[in-house]
1. Looking only at region 49-58, decide whether some residue is touching a residue at least 40 places away in the same chain (Cβ under 8 Å) and open to solvent by 60 Å² or more (accessible area, probe 1.4 Å).
2. Can you confirm whether region 224-247 contains a residue that is hydroxyl-bearing (S, T, Y), more than 24 Å from I121 (Cβ to Cβ) and open to solvent by less than 70 Å² (accessible area, probe 1.4 Å)?
3. Where in region 127-226 are there helices (runs of 4 or more DSSP H), lying wholly inside it, with at least 1 residues that are among the aromatic types (F, W, Y)?
4. For residues that are farther than 14 Å from L75 by Cα and open to solvent by 60 Å² or more (accessible area, probe 1.4 Å), scanning just region 19-29, find the one that is modelled with the lowest pLDDT.
5. Counting only residues that are of a type outside the set (V, I, T) and in contact with a Leu (Cβ under 9 Å, 6 or more places away or on another chain), which one in region 151-171 is surrounded by the most Cβ atoms within 10 Å (Cβ to Cβ)?
Amino acid sequence: MKEETAVDKRYILSSVDHALSILNLFFDYEELSVSDAAKLVGISRSTAFRFMVTLENRGFVSKTDYSRYRLGLNLFSLGMLAYNRMELISLLHPRLTILAEESGETCHLSILEDGVHVTFIDQALGSSHLKMDTTPGYRQVAHCTATGKAILAFQSVQVINQYLRKISFEPATPNSIQDAQQLLKILDEVKQTGYASDNEEAELGLTCYARPLLDATGRSYAAISISGPTTRMERRKEHYLARLMDIIQEISTVER
């Protein structure tokens, strides 16, 4: 164990570690001066000052009228984001697990992380031998996935246009989306039907169906999906789409 810890420490950036140590101080202190932070972390006052200014610039701390610092709104926003994601996972995971057990296929929960990529934040594996095994935390360009298209279709025109300016189209299979015009047409279809498909666009032989989770304004904030071999998925397409809708309606009732 000691050897593993020594290896891990080679990758720790001391400057980042010190900045995070300062933030951790706020678990015990509502406000801190630069001198307080320097003494408690064990660094010079000038170094502590630079950390505080940097953290203030990023909105992670805010300066009071008495030259002391307290936690900033960005940390609150990050905390709420983490909490909401955990709440979303806790709501959906049991339901996705039931669907995965019923179908034998793999189910996912995804979010749009940076305006370009979808991140798979939860997974329920089916029992079938051939399945899509995507580890939570895996990221992919949104239009290359069913969940990504489901989320994009229910975003504003501005968000979609920004997405198109940032990405390139690099086909993985003959079925992959080729250009912006094709993607926009598909997103219109998704908005009309309420679901998105990955028809062997990422990998030949694999098909995925996804539905978006919408907020009160009709904007998407996540998507759930079911994936498996094309022959099995196409045979039970309508059933799986109905089951995904059942799950969305169930959690909307709980959230209200």
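1. No, that holds for no residue.
2. Checking region 224-247: at least one residue is hydroxyl-bearing (S, T, Y), more than 24 Å from I121 (Cβ to Cβ) and open to solvent by less than 70 Å² (accessible area, probe 1.4 Å).
3. 157-166
4. Taking the candidates together, the pick is D28.
5. The qualifying residue surrounded by the most Cβ atoms within 10 Å (Cβ to Cβ) is L152.
The values are calculated or read from the model by the stated rules, or taken from the named source; none is laboratory data. The model shown is predicted, which means the values in this text are computed figures rather than measured ones. Note that we place each Cβ from the backbone using ideal geometry, even for glycine, and neighbour counts take in every protein chain shown. In case anyone asks, the SASA skips ligands and DNA or RNA and just uses the protein heavy atoms, side chains included. Shrake-Rupley method; radii C 1.70, N 1.55, O 1.52, S 1.80 Å.
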